Every structure is written in structure tokens, then in C-alpha cells.
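J.: Sharing a structure here in C-alpha cells format.
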Amino acid sequence: VPQEILFNEKCLQQLFHYALSLTSNEAQAYDLLHCSLEKYLHLDKSRIEHSEPYLKRIMRNSYIDNQRRKRFEEPISDQDLEKHENTISLIQPSLEDLFISQQQVSMLLQSLNGEESELLYLWAVEEYTFDEIAKMKEVAKGTLLSKMHRLKKRLQAEKMLAQTTSRESR
Amino acid sequence: MKPSDVKPLKEALSEYYQQRPLSSPQLKALLELQEMHASAQRAEAVATAIDRPENNRLGYHWQSGFKGMFFNSHRLSVLFSAVTAALVSIVILTLYLSNELTALDIMEEIAYNHNQNMAVEIRSSSIDDIDTFLSSLSFTLIKSNHLAGKSLTLLGGRYCAIDGKLAAQLKFEDGTGNKTYTVYQVARPTHFDSIEQQPITNYVNGVKVILWQENGLLLGIASNE
């Protein structure tokens, strides 16, 4: 049976934002979405249960293919990971406590690599929990938290983010 | 950072993305891309259905009628031969007439497609790029010798349906950029084998249509005259 419109306007806007979270550039985000949609439309969709997550995966893979993987996914050493795994309860990234000037958001996103920007998007806009993101990305939650913790520290060091004093001691 | 200027990171990020929606032309292009693909799939489904033997009415009746007559009566062999000869004549005549009609039907389809003035699915001046993009076609697009002498610029291409089969529509413009031509390429139907290789010209609803065969394909060009 020929397919009809799979992705409506609302869905396309959301997918565009996801692409924007990867590329940090509106023109590149549109190109990524357009190319990925074309790829998706030509697939045999009889085995695809959920079209939107599948298209997101195509976008992500396409983006990574076009980037140097080592730049996209900053490696974490085993030692670093072990250290963080042992102290997860102490380093839960309290991103909810962080504040930023709206004017600095663009600068913030430009300073992130694709993976960091994607994680922030999934957390802030699509409102996934870190558990859900870890399952979606098929990575250990500890790995994800380590990355977020390191990101938070870096951004605070660069004075892009402020943290409420009352919660800092928590 | 002024206190009044800051907001929670989550809220600021959400606002940042909300302020960057797809533009209307971008949204339209993405929706059209899906519609065109669905349209191409429908055309392909129709073509597949037409190609099925059970839908070929002429073949079905001819075979069953012939088989029945042959096995039912040896005593009517003379009559059988006469009837067979008559049937063969009728079939040949019908096929000849149907070829003529089908060529006209196809020219009407081409004129209709031309008048639709649908946007191209891929913008490119390279026939190879368009061929790569239109990957569902069962044939490779060709550079027609009939168009070699004309100074036409290729603008792009899209899927369309000709004679119930998946076909390509290529859009060209002349040197002045004022006149648009659409060229159609489709796998040549088998009942077109007997048609002359020379182009046939006809005018349909104000559209000049030329139809010809080349390299195993049926080609047509349409322009407003």
C-alpha cells in the first residue's frame, strides 16, 4: 500500500530541531533533514515500527558519517569512567540548577560537540530523562552522566553557566 | 551576567529551538517530497497490477477459447481452421488499432502531465544525477539523439506515470528561458514493437506532443505551442 504523508508539519519541525541540535547550523540542519527523509522514503518500511525514532537515527548516523567520529564522540578513558561510576550519586548532573542568559545560548551550543548538543536537546526540549536517553543511545547511564558532569564543569569554568548558590551545596 | 537576563538552562534551550522553526518554503518542500514519493509508489503499484497476467483480458480469453475449441471437437476441424483464421485476423486488426489508440492515449497523458506543471523532485542539469535520484525506474535515463540538435537546458526531473508505468519527466528550458519543455521516458510497452521508429507528432489541448522510440524506451516531448 503506498504510503501517505508520514511526517506532518509538527513532526517535521521537531525533527528539524533535532537536526539543529546536531549541526548547530540551520542550513546544515535542513540539508541533513532533507537528505535523511529521502533515504527514509526509499527504505522498505515494512519492518520499521516507529518512523520518527528511525528517521532520527538516520539523521544521526548521516551526521556522524560526515564528521570525524572522534570529534563527535569525545572518548572517555577507562580510568575516568571508573572514577565516575564509583561516585555517580555525588555527580548527578544537576542541570536543572543551571542558569544562562538567552543571548548566550547560541554561543553555548556552538562550543559543544555534536553529541553534547544532542544530549542537551533531548533533555531540554524533548524532555527525556537521562535513563531514557541512555537507553535510546544504548550507552551505560554512568557514561552519560560522566559526559554531562564534565560538560557542566567545562561550561561553568568558561563562565557560560551560572548556578544558584543555595543549591550548589546540595 | 545580570540576574534579570538569565533563565534556567532548560527553558533557555527550549526557547532557542522554538525561535528557529523551518521556514514555510522548507516545510512545503519536505511535505511535497513525501507526497511525490507516495505518488510514485502509487504509479508503481498500478503498473505492477497492470503487468499481472490475470489483468490481461485479451490473453486470458484467447488462451481459454483456443484450448476449449481444440479439445472439444475433431469433427469440426475445417470449421475450426476457418474460425481460427478469422480470429487471428481479428486479433491482428485489434492489436493494430489498439496500438494507434494507445499512442494517442499516451500523447494525451503526456499533454496532461505537461499542463500540470509539477515541480521537479531533483534540480540538476546532469542526466546522470537525475537517473541516480530516480532510482525506482526500471531503466536508465538516456540522452536522446532527437534532442541533441536543440539548445535546451536541463532543469531537473521527477517521477510520473505513463501508460500506467513508472516514468520520468525531465524539465528543460530553451536558450531564452521563456519556454519550458517536458520530456518523458518510459520503458517501451511490448505492444509498441510494431510502431515506426520515426517520431509521431500531435497537438493535444494546445500542447504539441512528439512521441518516438529510442534505445528500447518510449520517449515524448511536450511544449506549449
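The values are calculated or read from the model by the stated rules, or taken from the named source; none is laboratory data. Fair warning: this is a prediction, and the values are worked out from it, not measured in the lab. Because the Cβ atoms are built from the backbone with ideal geometry, glycine has one as well, and the counts that use them run over all protein chains shown.
J.: I'm checking my understanding of the structure. Among residues of the range A:54-69 that are assigned to a helix (DSSP H, G or I) and touching a residue at least 24 places away in the same chain (Cβ under 8 Å), which one is nearest to the other protein chains (Cβ to nearest Cβ)?
T.: Ranking the candidates gives A:LEU55 first.
J.: Would you point out which residue out of A:LEU15, A:LEU6, A:LEU20 is surrounded by 15 or more Cβ atoms within 10 Å (Cβ to Cβ), within 21 Å of B:ALA38 (Cα to Cα) and either modelled with pLDDT of 90 or more or of a type in the set (S, T, N, Q) (or both)? Talk me through it step by step, then tell me what you get.
T.: Values: A:LEU6 fails: either modelled with pLDDT of 90 or more or of a type in the set (S, T, N, Q) (or both); A:LEU20 fails: within 21 Å of B:ALA38 (Cα to Cα).
When all the criteria are applied, what remains is A:LEU15.
J.: Taking strands (runs of 3 or more DSSP E) that fall entirely within the range B:139-225, which contain at least 1 residues that are buried (at least 21 other Cβ atoms within 10 Å of the Cβ)?
T.: Details: elements: B:153-162, B:165-173, B:180-187, B:200-204, B:207-214, B:217-224.
Fully inside the range B:139-225 and qualifying: B:153-162, B:165-173, B:180-187, B:207-214, B:217-224.
J.: Hey, another quick one. Of the residues B:LEU31, B:LEU27, only one is part of a helix (DSSP H, G or I), farther than 27 Å from B:TYR184 by Cβ and at pLDDT 85 or above; which? It would help to see each step written out before you state the result.
T.: On the way: B:LEU31 fails: farther than 27 Å from B:TYR184 by Cβ.
Going through B:LEU31, B:LEU27 in turn, the sole match is B:LEU27.
J.: Let me ask something additional. May I ask you to verify whether A:PRO75 is under 27 Å from B:GLU15 (Cα atoms) and at pLDDT below 85?
T.: no
J.: Which of the residues belonging to the range A:33-53 are within 12 Å of chain B (Cβ to nearest Cβ) and within 27 Å of B:TYR16 (Cβ to Cβ)?
T.: A:LEU33, A:HIS34, A:CYS35, A:SER36, A:LEU37, A:TYR40, A:SER51
J.: To continue, here is another question. On the basis of being without any contact (Cβ under 8 Å) to a residue 60 or more places away in the chain and within 30 Å of A:TYR40 (Cβ to Cβ), does B:GLN213 make the cut?
T.: So B:GLN213 does not fit the description; no.
Here's the yes/no breakdown for (1) touching a His at 6+ places or on another chain (Cβ under 9 Å); (2) more than 27 Å from A:LEU109 (Cα to Cα); (3) in contact (Cβ under 8 Å) with a residue 60 or more places away in the chain:
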residue	(1), (2), (3)
A:LEU6	no, yes, no
A:CYS11	no, no, no
A:CYS35	no, no, no
A:HIS42	yes, yes, no
A:GLU49	no, yes, no
